[in-house]
Amino acid sequence: MFVQSVFNKCGVFLDNQEAVSAESVVKSFGQGPAAVRALDDVSLTIRKGEFFTLLGPSGCGKTTLLRLIAGFEMPTSGTILLDGQDVTDLPPNHRPVNTVFQSYALFPHLSVRENIGFALKMLGRPNAEVEARTAAMLSLVKLDALADRATAQLSGGQQQRVALARALAPQPKVLLLDEPLSALDLKLRKEMQVELKRLQKETGITFVFVTHDQEEALTMSDRIGVMSSGKLQQVASPREIYTAPVNRFVADFIGETNFLPATSAPGGARLGSGAIVAAEGEGTVLTIRPEQVQVVGPDAPGTIPGTVENLVYFGTDMHVHLRLGDGATLVARMLLPPGGEAGLSTADTVGVTFTPGAARLIRE
Amino acid sequence: MAERSFSVARLPGFSTIALGVFVCLYLPIVTLVVYSFNGGPSIAVWQGVSLHWYSEAWGNQAVKDATIRSLIIALCASAIATTLATLAALGTTRRAGFKGQTVIYVMINQPLMVPEIVTAVALLIFFASIKVATGYQGLGYLIAAHSAFCIPFAYLPIRARLEGMDTVLETAAADLYATPWQTFRHVTLPLLAPGIAAGAMLAFVISLDDVVITEFVKSGGQDTLPTYMLGQLRRAITPEVNAISSVLLGLTVALLTVFFLLTKRRN
């Protein structure tokens, strides 16, 4: 323990690049046959200074993982490291992380200023330091004018900022955010997304952000961990998650996509109709995003024949619902010319092509 | 009519019945207060306005002794009962549910369900044997008895307040480096304070008012205000009793008003 703390102080020997590390973490709720595995053998590494998002539908275990990192729950098995130190058995007040709660959880009996200074006061820091940090936090989240208000007098967006300032005040190694934007209306949510990104850049603190909103995840994160049924499905950059999903769940959860039954074939994938298309990856499903599907004339060489089943007008573009020769359906998204006429009508026979490199074979 | 919601106030005779109930409830109390200002010695024949019986009661040493005794018992009993009730409320709301929780809940509220006379007789017999064994005759028995039956009255408002408080606040405190004791001291206790005050006041009023258990448990010369008044009724009854009752009524109403305002605040 002593040796380790000396090493940590030197910062050379154990210059750890991992802010959070979860190793084979399992969390079960309940006992015996009725037990539910909220987290099923999750291993994950979050790097220092990154904006990491845990993304998944409700009940996928993302909040449970966050609560385990914070120390509100103890894992059934597995290890959690913070900055290289094993914190698995430490209570929340001994972990160098702070949380922004979904409900904000501001203390109603304390003013904005007292809320923000709470952690430093609990740590027994001198008054001068508490006041200085609180003032710095107030200006960081632009709430200087409201410092002495009761929290109940603030709007949702302002309460959100207090919650952020309160969690950032003690300068945690990692900031955990549990769906913090879900209670805000759309316009405010967009503003806070920008604000959060700015705060993360200015403070350099590692952010672990939990959300079920794929757009939020794509626009804000350095890396995303997609979760489903208590398992991590894929951990990668937003671009990689979108363009190269590893399985059907990830492809389906992030953005819109088409799935076509297919088999591996030399040079790509063989579709049900027998057509062979270029595709990377391995598996039994071909995935292609609607914006990467082109609808051309029926006689163009190297196209897959299909018929137009339906046309849905979206203003900026048109969704063309197509049926291929083998009965499979897919959607193409066409940008519209200035007149808004796609030059297609239902029951037209057309040819379909995919942008080279866009189609991928994935596992079911 | 179909689009208007049902309202009990529109039933025939509603106001008449409501008025009748209020008269029945409050007329005796009004009479009691009015006759406390009677100039004559009767509680039924009006002989002019006077504060005579108030000064009579004020000058009566027995009344003074009984009042002080009542206040000592009520203060001690409500303090003890509120402390225990707060601990019990924390124990039944701030931890995971456990086997036998319902049994515990019923046991805490037992004094509300067991007939008071049964408790009184039981305490009489129990304390009698202790008195014989120890020779102690003091106010301790009354304080202990009052503490016991005041617990549920203090427990219920405190528990209600705790159940209304989101535990995420305590989680947040722990997340912000507060130790369990600091969390209790800086978050739980300040938020719980109105509930504790309400519970304490309710316990105080209940203790101040008790006759049955006090009558059975008290040793000689340990009259409280209510048992003193009961004793007076057996002899010549004068408006002095009205005067004492009116003061007690005023005090109780004042306390319950504070109780109401405290529970209303922040809700």
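The values are calculated or read from the model by the stated rules, or taken from the named source; none is laboratory data. All values derive from a computational prediction rather than experimental measurement. Cβ coordinates were reconstructed from backbone atoms using ideal geometry, including for glycine residues, and neighbour counts include every protein chain displayed. Side chains included, ligands, DNA and RNA excluded: accessible areas come from the protein's heavy atoms. Shrake-Rupley method; radii C 1.70, N 1.55, O 1.52, S 1.80 Å.
Miscellaneous remarks
- Filter pass, B:Ser129 being under 19 Å from the mean Cα position of the chain (by Cα) and either away from every other protein chain (no Cβ under 14 Å) or loosely packed, with under 13 Cβ neighbours inside 10 Å (or both): no
- Some residue of the range A:219-233 being assigned to a helix (DSSP H, G or I), among the aliphatic types (A, V, I, L, M) and at pLDDT below 95: yes
- Test: residue in the range B:137-157 that is away from chain A (no Cβ under 14 Å), at pLDDT below 90 and over 25 Å from B:Thr92 (Cα atoms): yes
- Residue selected from the range B:80-118 under the condition modelled with pLDDT of 90 or more and in contact with a Phe, Trp or Tyr (Cβ under 7 Å, 6 or more places away or on another chain), by the criterion most open to solvent (accessible area, probe 1.4 Å): B:Ala88
- Scanning the range A:122-168 for residues that are within 19 Å of A:Glu202 (Cα to Cα) and touching a residue at least 40 places away in the same chain (Cβ under 8 Å) returns A:Leu140, A:Val141, A:Gln160, A:Val162, A:Ala163, A:Leu164, A:Ala165, A:Arg166, A:Ala167, A:Leu168.
- Selected residue (criterion: nearest to B:Ala74 (Cα to Cα)) from residues of the range B:136-147 that are assigned to a loop (DSSP other than H, G, I, E, B) and open to solvent by less than 50 Å² (accessible area, probe 1.4 Å): B:Leu139
- Lone qualifier among A:Ser43, A:Ser24, A:Ser58 - being in contact with a strand residue (DSSP E or B) (Cβ under 6 Å, 6 or more places away or on another chain), within 23 Å of A:Ala217 (Cα to Cα) and open to solvent by 20 Å² or more (accessible area, probe 1.4 Å): A:Ser43
- Residue selected from the range A:317-345 under the condition open to solvent by 40 Å² or more (accessible area, probe 1.4 Å), under 31 Å from the mean Cα position of the chain (by Cα) and not aliphatic (A, V, I, L, M), by the criterion farthest from A:Ile304 (Cα to Cα): A:Arg333
- The lone exception for A:Glu129 - which of (1) open to solvent by less than 20 Å² (accessible area, probe 1.4 Å); (2) more than 12 Å from chain B (Cβ to nearest Cβ) it fails: (1)
- Residue match in the range A:79-86 (condition: within 14 Å of chain B (Cβ to nearest Cβ), within 29 Å of B:Thr179 (Cβ to Cβ), open to solvent by less than 10 Å² (accessible area, probe 1.4 Å) and not polar (S, T, N, Q)): yes
- For the range B:148-180, the set of residues classified as surrounded by fewer than 22 Cβ atoms within 10 Å (Cβ to Cβ) and assigned to a helix (DSSP H, G or I) consists of B:Ala148, B:Leu156, B:Ala160, B:Leu162, B:Glu163, B:Gly164, B:Val168, B:Leu169, B:Glu170, B:Thr171, B:Pro180, listed by residue number.
- The strands (runs of 3 or more DSSP E) found entirely in the range A:1-63 that carry 1 or more residues being modelled with pLDDT under 90 are A:18-29, A:36-47.
- Among residues of the range A:225-245 that are at positive phi and touching a residue at least 60 places away in the same chain (Cβ under 8 Å), those with a beta-carbon under 6 Å from a residue that is open to solvent by 60 Å² or more (accessible area, probe 1.4 Å) and not in a loop (DSSP other than H, G, I, E, B) at least six positions away or on a different chain give the pairs A:Gly230/A:Arg37.
- Selected residue (criterion: farthest from the other protein chains (Cβ to nearest Cβ)) from residues of the range A:149-165 that are open to solvent by less than 20 Å² (accessible area, probe 1.4 Å), of a type outside the set (S, T, N, Q) and in contact with a strand residue (DSSP E or B) (Cβ under 8 Å, 6 or more places away or on another chain): A:Leu164
- Number of the condition not met by B:Ser219 [criteria: (1) more than 11 Å from chain A (Cβ to nearest Cβ); (2) assigned to a helix (DSSP H, G or I)]: (2)
Every residue, every condition in (1) outside any helix (DSSP H, G or I); (2) facing another protein chain (nearest Cβ under 9 Å); (3) at positive phi; (4) out of contact with any strand residue (DSSP E or B) (no Cβ under 9 Å at 6 or more places or on another chain), yes or no:
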site: A:Ile69; (1), (2), (3), (4): no, no, no, no
site: A:Ala105; (1), (2), (3), (4): yes, yes, yes, no
site: A:Arg113; (1), (2), (3), (4): no, no, no, yes
site: A:Ala119; (1), (2), (3), (4): no, yes, no, no
